[in-house]
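See below for the structure under consideration.
The values are calculated or read from the model by the stated rules, or taken from the named source; none is laboratory data. From a predicted model like this one, the values you see are computed outputs, not experimental measurements. With ideal geometry, Cβ positions are generated from the backbone for all residues, glycine too; neighbour counts draw on all protein chains shown.
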Amino acid sequence: MIDPITLEVLREALVSIVREMRVTLVRTAYSSILYEGEDFSCVLMDGHAQIVAMSKGQDHPLHIVPIGWSMKAVREKFGDDIHPGDIFLHNEPYTGGTHLNDVAMIYPLFAADGELFVFPVVRAHWGDVGGMSPGSLSGRATEIFQEGVRIPPIKVVDRGRPNDAALDLIFSNMRGPRERRGDYQAMLGTCRKAIERIEELVARYGVTTIREAVAELMDRAEGRMRRAIRGLRTGEYFYEAHLEAGTERLEPLTVRAKVVVEGDTITVDLAGTSPQTLGPTNVGPAMAPTGAFTIIKSFLDPGSDVNSGAFRPLTVLTPPGTIVNADPPAPCGGMVEVKYCVESAVMGALAQALDGKIAGDLKGGGNHCYVGGPHPRTGETFIFYEYPAGGTGGFDGGDGSNTVRAWTESDMTTLQPIEAVEQLYPVRIERTALREDSGGPGQWRGGLGLTREVRIQTVGAQLSVLAEKAVLPPFGVCGGGAGATNRFWVRRDGRRVETSPLPGKVSGFPLEPGDVLLMESSGGGGFGDPLERDPARVAADVGEGYVTAAAAEAIYGVVLRVGAPDATATEARRSKLHATRLRVRVVAAPGLDSGRGREVRLSADVARRISVEPGSVVELVNPRGAPLRAWVASLTARSAGVDALVAELAPIALRMLAVADDDEVIVRAVHTGVLTAPDSRRT
């Protein structure tokens, strides 16, 4: 058995190798998305397709976790035809990729006994892989062929000899081939440097000792996770979250999660999730398990290393043909968005087992924003790619953070530096600032999003956007309010220009010189009742420019006089706001479960008092967890009085709210980016 000192030395050595891989790639990459944005991840795998080591807090789970599927796809395709000196590329979502822009390089290493050993893998976002628009990611793609070059597991180096024909074919179908080839070479050099470090470890400790260390680290991670799961209440917990699909109007998609806690295991069943869609909000089989694992690990065992041992107590069921396990040729460009939606659904369900230990919702995905076109100096295609971070959610005891990468993300750059952007691309950054009033109100406020204004300085540029939470804002929890929606829009000659009927889904919108692109990212959802926030904190928020004085009074009920709270006026204002909240009886109605956009039937009196109509979105507040969102299906006439204040929901929806039939909850309207209805219901 390996001694603890050697085990710890090898654990740190393996992680150190991954960290050196990151530094190597940053210093040698050709495209700014890698050397400035750091949109890549590195990992060490073993011959059983298990994650051995990653750089916790730096490498992105959505890049790393699916590598196991990619490696299995390589083994299934090539079998015993894998040899020293072979190198593989892979990006196909249906066999373990993420979206086509994320290209994995798998660099097998063999031990002296001829068995696969610990070896490096890099998954990096290539700035363009072909497809219908510069940057490849488009909010209006309808099939994967519009998103670029699909790379099934392919051997690009055979026993040390490059397959130049395959590489020429790949790069000839991508914009900016010089950058693509440069990034490929950077990934290659990164893996080779890692191989050197691994061979140094083998020379010092031997293959057997390293294998023993890997096995022990896996077992320890498994044990920690199982102990954490045993601390949860046994039971079945339900929740659902929604995505913004459609082209001309919102046609919401639903991720429905049943989380079963039993002993020291958790099963996440996504049955009831929406069928795959013609739009880009689909994923292959690897992404939903990635999202479920990320959220469970983050809540139950955030302090330890991430390796495949921690996966063992977790089972994730993904129905084929749905948005969480799509079949070809479904486009999968929005994989980040679906993965985050899975996280929201699992978090909402898990909150019931954690007794309300939950944080406000996040910005919802990658916020992919592309400006591309011919560069006026070179004539080659330039691709300016931003992915603005948003605010994180409030939590019990603390406000969310302003404009940072969320805890389910890696340590990617919030925004690319202005100097780098203006040096590389024909644009000018005119403003970057925190976005006031964007954080979700609560006893603990959500963090703020950002605003960035970019002036276009060339002809022929196009805008493409793929983002979520541009219609449905990030929800608050335990009574907290929603953050602001993401907004990506164009100002031309001082006027707003609509780039797409559905916000967040833009493809190849023509830009003119002088246009200003505004990127406005979401704030995080709030935690707890905003009327219980310390008035002094509200006053400080106003002083910092985080919250306007108008919002302080209208939402937090804090009346300021010369920058300080007026105690008497504040008490009166809060009492008035509290009295305006509408409580309704929730009644089970078995017929209200369309499977696409949770339905609620309101009495006419309720609809009138919260100013909604059929097709509007409402929120039923859960004081110990995440709220339930629903679309008003129809209105019912009821007699005046208490009996008129009724909301009818499917029985499963009551379980999501953790309430019984005939219980009372607060209902409120959701202020969306645009207000349209699912299916045939229209506002």
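A count restricted to segment 548-582 and to residues that are exposed (fewer than 15 other Cβ atoms within 10 Å of the Cβ), in contact (Cβ under 8 Å) with a residue 40 or more places away in the chain and among the basic types (K, R) stands at 1.
Among the residues of segment 457-488, those that are crowded, with 24+ Cβ neighbours inside 10 Å and β-branched (V, I, T) comprise V465, V471, V477, T485. Quick check on my filter: what residues within segment 531-556 are assigned to a helix (DSSP H, G or I) and closer than 25 Å to P623 by Cβ? Within segment 531-556, L531, E532, P535, A536, R537, V538, D541, A551, A552, E553, A554 qualify. For segment 381-419, taking the residues that are at pLDDT below 90 and over 16 Å from the mean Cα position of the chain (by Cα), the one that is nearest to G481 (Cα to Cα) is identified as L415. The residues listed here are S16, S70, S32; of these, the one that is touching a strand residue (DSSP E or B) at 6+ places or on another chain (Cβ under 7 Å) and of a type in the set (G, A, S) is S70. Close Cβ contacts (under 9 Å, 6 or more residues apart or on different chains) running from residues in segment 290-308 that are surrounded by 23 or more Cβ atoms within 10 Å (Cβ to Cβ) to residues that are hydroxyl-bearing (S, T, Y) comprise T290/T98; G291/Y340; G291/S344; G291/T408; T294/T408; I295/S344; I295/T408.
Does P320 satisfy being surrounded by fewer than 23 Cβ atoms within 10 Å (Cβ to Cβ) and out of contact with any Asp or Glu (no Cβ under 8 Å at 6 or more places or on another chain)? So P320 fails the test. The one condition from (1) of a type in the set (G, A, S); (2) outside any loop (DSSP other than H, G, I, E, B); (3) farther than 21 Å from L34 by Cβ that G139 does not meet is (2).
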